[in-house]
Each structure stands twice: as structure tokens, then as C-alpha cells.
Amino acid sequence: MTYPSTDALELRARRVALEEKFIIDFPPEVFAEINALKQFPVPADKSIKDLRSLAWSSIDNAQSRDLDQVEWAEKLENGDIHILVGIADVDHLVAKNSACDKHARANAITLYTGVKTFPMLPEELSTDLTSLGAGAERSAIVIDFIVCESGDVRGENVYPALIHNKAKLSYDQVGVWLQGKTAAPSENCPEIIISQLRLQNEASERLTHFRQEQGALTLGGVEVVPLIVEKEIHGFAIQEPNPARDVIESFMVAANVVMAGFLLSKGAFCLRRVVRTPKRWDRIQAIAAEHGETLPTEPDSKALSEFLARMKRENLDGFPELSLAILKSLGPGEYIVENPGSEHEGHFGLAVHHYTHSTAPNRRYADLVTQRLLKCAIGKQPCVYDQTELSEIAAHCTERDQAARHVERLMKKIVAATMLRDRLGEIFDGIITGVGPKGTFVRLKTFPAEGRIVNGAEGLDVGEKVQVRLLGTNPEKGFIDFESRGTRR
């Protein structure tokens, strides 16, 4: 088999990003700002809390260097767990309307194409000056809360602080350790960090259980990324859910809820992240009925959560397919502006009313804006944004988020079409992921590819399992064509 080179695919990724109107090269004035920061670094504010002595640690992908968050925990006498989530203070170095800020605002998000990453901020910032890497002493925004034994959250507070990351850990290493498969979460890991991770995992389990009781959806699946060896794609690596990912997910959800509530309590503007009621509740009902379950007539996140939890317990192997079908029927999220005193729809999938994005300011512009709103609220200063500008930013971030998803999906299809070009005529199991004016689409179960069913698509709907035969591929456009061989159980 001839393995595709990443050089050609990286060029293709650049073209796809440009077609979606992303600015993929930084202008000279951005680098001029970075050079000035390196020569005259902004001094830390000595008036803020100094939390550098705490045993902070981070968990992320092994190759990640743009670290946005670190965590710390302590057990209280009453059994509650005190959690601190430190978020990189990107606004500390990226001023509003600076050259770096204007570029970040234009793109609004970091693009991950699998073969090439196009960062929202230059790497000199995101992987160095603002990154919370191991050994780094940085300014941070600390989101402070207590997790009760029930999993409920109380005692919320948010404030700036100085932090020092003591250990950079990876999802894979920590995950297999938490599953009892290895003796330590990393080589020469200090006992204090090991104790921290055990406590953080306990807090995560409480948070997850409480969220599920409130109706948060248990969606599972696998993330697939190209396996690159010496600039050739030799296959795909699977990033499956594990306890370490669950810890970070539960902490980030809690932190974003706390941030939204804190801004509300201060009478401040907030860029809310909402997922409205499902666009295809009828299809979700039908999927549940296929599994012997009856869901209410009106959208009900708690009923759906209970159904998904049962399915995960009873049919773990098929759960990723079920999750995908539900996810496709929920519809996308969007950013809106919450004015002080106003009420809006919440996040259906997370079963929370107030939710924002605040935990990835190196990668999402909305999170950087949230930092500025927070600082104005804490300092009791006039907001640096008016409602009109915030509404424009919310709409733009929503549009760029959708454009980024399109780029990432298309590049996955291009890579998959390239890998499948020598497998014409083979039969695959798959699940229907989309039915609309552009056609009926299927995602394969044993190979990370999605394509269109050009023959035999009549009567198929989202979530149905099918067998398909590969008819053809077009790697340049990312087209993969299948013929349906009928539904399967």
C-alpha cells in the first residue's frame, strides 16, 4: 500500500481554510507585538492572589503545548471537595484591538485539520507566553467552587491569581492509570500529584452523577486522528473516552457554569453558549422506540439522559453509533448575548440554564472576550464592549465555529478518501448520519469515513444501521460514494 504524504494534504488544508475565509498567515504587525512582549514582558500584578505553591497539574493531549487550564483539589472536613480551575490569562498579554486581538477576532477559533493546525493566536503566545505549561509561572483566572458529596456545586467565586503548573500530564497516561492498568500516571510522578488526581477523579464522578440526574446527556464516541509517521499517513489513531477525559470535561462544564453565574451575579454582560431544544425530537423519539423505549411528546433532557444512560450500560459496543445519531438530531450550538437581568434558553445537552465558554482562551475568541467581561465586572469598571459589538461578536463566533467544523469535516473526508482509494468494491457496516436535500450520508463503523449513498438511499433515516459497498472516491474533493446493501440490526 502506498501511504499518502502529509505535504500535499497540508496544502489542501490551506486551500480549504482559505475557501472558508480563514486568515491562515499572521500579518507582520502581529509578530512586531510578539517581539515587543518578549523584550519587555508585562510584569505580574503583585496585588493578585499568589497560588504558585499549590500542586497544580494539567491533563491534555500528549502533544499539546497550548495549555489553557490547570487543576487543583482539596478534601474538606465535611467531605466536600474544593476545586480550583486555573485558566490562562490571555487578555493579560493580548489587549483589545491590538494586532493579535484583531487577527484572533477575525478567525475566532483554532483550526484542527488533522494534518495541519492553524492557531487562532501565534504559537509564541499560545504555546509559550500564555500557555500554562509545566514549570511555567503565569497569570491566570481561577474559577473556584466546592463539589458537595451529592455532586451539587456551591461557594462559587472567580478571581485572578498567579499559578505554577507542577506537572504536565496526558489523557492516555492518566486514563489508563485511573483504570488500574498502570502503576503510575506518568514516569516519576510525585505522590502529591497522584493524590491530587485521585481526588479530582472523585470530584469528577460526583459532578457527572449529579449532571446526569439533572438531565445532562451521556454522549459517547471516539475521536479519530491521522497516524502520521515521517510525514506519511499510515492509518488512524483512536482517542476513546477514558476517566482522565471525563475529569477535564466535568471540570470544564462546572467552570463554565460557575463563570456564567458569576457574571450574572455581577450584573455583567455574558456571551452565553446555548443549544436550543432539539431540531428533530421526532427522530430521537423514533430511535428510542427502536430500542423499546418511549420518550415524552415534548423535548425532555432528563428523559433522554436516562434513556442514554441505560443504553450505555446495556449496549456499550453500539453506544457510539447511538450517540452519533442523537447528536446529529440535536442540532448545533450558538453564542448569544445575555443582558443583565434577562433570561434565555439554556444548554439542552448539558441540562443547565446558564452556560458560557471561558476555559480555552488560547483557542476560542469567545473565551478571550469572556475574560474581558469578567475583569470589568471584578474591577467595577465600565464594560469594554457595548451590546451591539457583543452581538456582532456572538454572531461572528457562531459563524466561524460552523465554518471551522466544515473545514475539519472536509479534511477528514479528504484524508479518508485518500486512504480508501484502493478499496473499491469492499463492503462496510455504517450508520446513517444525515438525510436532506444534498443526499443521504453514512459513516462507517470500522473505518473513520463518511460519504454519500448514491444508490439505494430511499427510505433511510438518521440513526439506521446499514451495509454499504464502496463505489468510488475523489480525494481532491473529499467525495466518497456508496451503494446501500440494506439495513442491518
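Overview of values
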| quantity | calculated |
| --- | --- |
| So Phe428, is it of a type in the set (Phe, Trp, Tyr), over 23 Å from the mean Cα position of the chain (by Cα) and open to solvent by 40 Å² or more (accessible area, probe 1.4 Å) | no |
| Cross-chain or 6+ apart pairs with Cβ under 6 Å, region 437-464 first and at positive phi and modelled with pLDDT of 90 or more, then open to solvent by 20 Å² or more (accessible area, probe 1.4 Å) and not in a loop (DSSP other than H, G, I, E, B) | Gly439/Arg452; Gly456/Glu483; Gly456/Ser484 |
| Matching option when the condition is at pLDDT 95 or above and of a type in the set (Gly, Ala, Ser), among Ala108, Ala136 | Ala108 |
| Scan of region 400-438 for residues that are within 27 Å of Arg14 (Cα to Cα) and among the aliphatic types (A, V, I, L, M), ordered by number | Ala403, Ala404, Val407, Leu410, Met411, Ile414, Val415, Ala416, Ala417, Met419, Leu420 |
| Single residue of Ala377, Ala366 found to be closer than 24 Å to His92 by Cβ, assigned to a helix (DSSP H, G or I) and more than 24 Å from the chain's Cα centre (by Cα) | Ala377 |
| Qualifying positions in region 84-102 - over 16 Å from the mean Cα position of the chain (by Cα) and surrounded by 21 or more Cβ atoms within 10 Å (Cβ to Cβ) | Leu84, Val85, Gly86, Ala88, Asp89, Val90, Asp91, Val94, Cys100, Asp101 |
| Conditions (1) at pLDDT below 95; (2) over 18 Å from Ser358 (Cα atoms); (3) under 24 Å from the mean Cα position of the chain (by Cα); number of the one not met by Pro190 | (3) |
| Residues of region 236-291 satisfying the condition of being at pLDDT 90 or above, in contact with a Pro (Cβ under 9 Å, 6 or more places away or on another chain) and aromatic (Phe, Trp, Tyr) | Phe269 |
| Residue satisfying all of: in region 173-196; open to solvent by less than 20 Å² (accessible area, probe 1.4 Å) and touching a Leu at 6+ places or on another chain (Cβ under 7 Å); nearest to Ser150 (Cα to Cα) among these | Val174 |
| Considering residues of region 21-72 that are modelled with pLDDT under 95 and of a type in the set (Phe, Trp, Tyr) only, the residue farthest from Arg364 (Cα to Cα) | Phe40 |
| Count of region 383-419 residues which are open to solvent by less than 30 Å² (accessible area, probe 1.4 Å), among the polar types (S, T, N, Q) and over 22 Å from the mean Cα position of the chain (by Cα) | 1 |
| Residue among Leu169, Leu207 that alone is in contact with a Leu (Cβ under 9 Å, 6 or more places away or on another chain), touching a residue at least 60 places away in the same chain (Cβ under 8 Å) and surrounded by 18 or more Cβ atoms within 10 Å (Cβ to Cβ) | Leu169 |
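The values are calculated or read from the model by the stated rules, or taken from the named source; none is laboratory data. Fair warning: this is a prediction, and the values are worked out from it, not measured in the lab. As a convention, Cβ positions derive from the backbone with ideal geometry for all residues, glycine included, and neighbour counts pool all protein chains shown. In case anyone asks, the SASA skips ligands and DNA or RNA and just uses the protein heavy atoms, side chains included. Shrake-Rupley method; radii C 1.70, N 1.55, O 1.52, S 1.80 Å.
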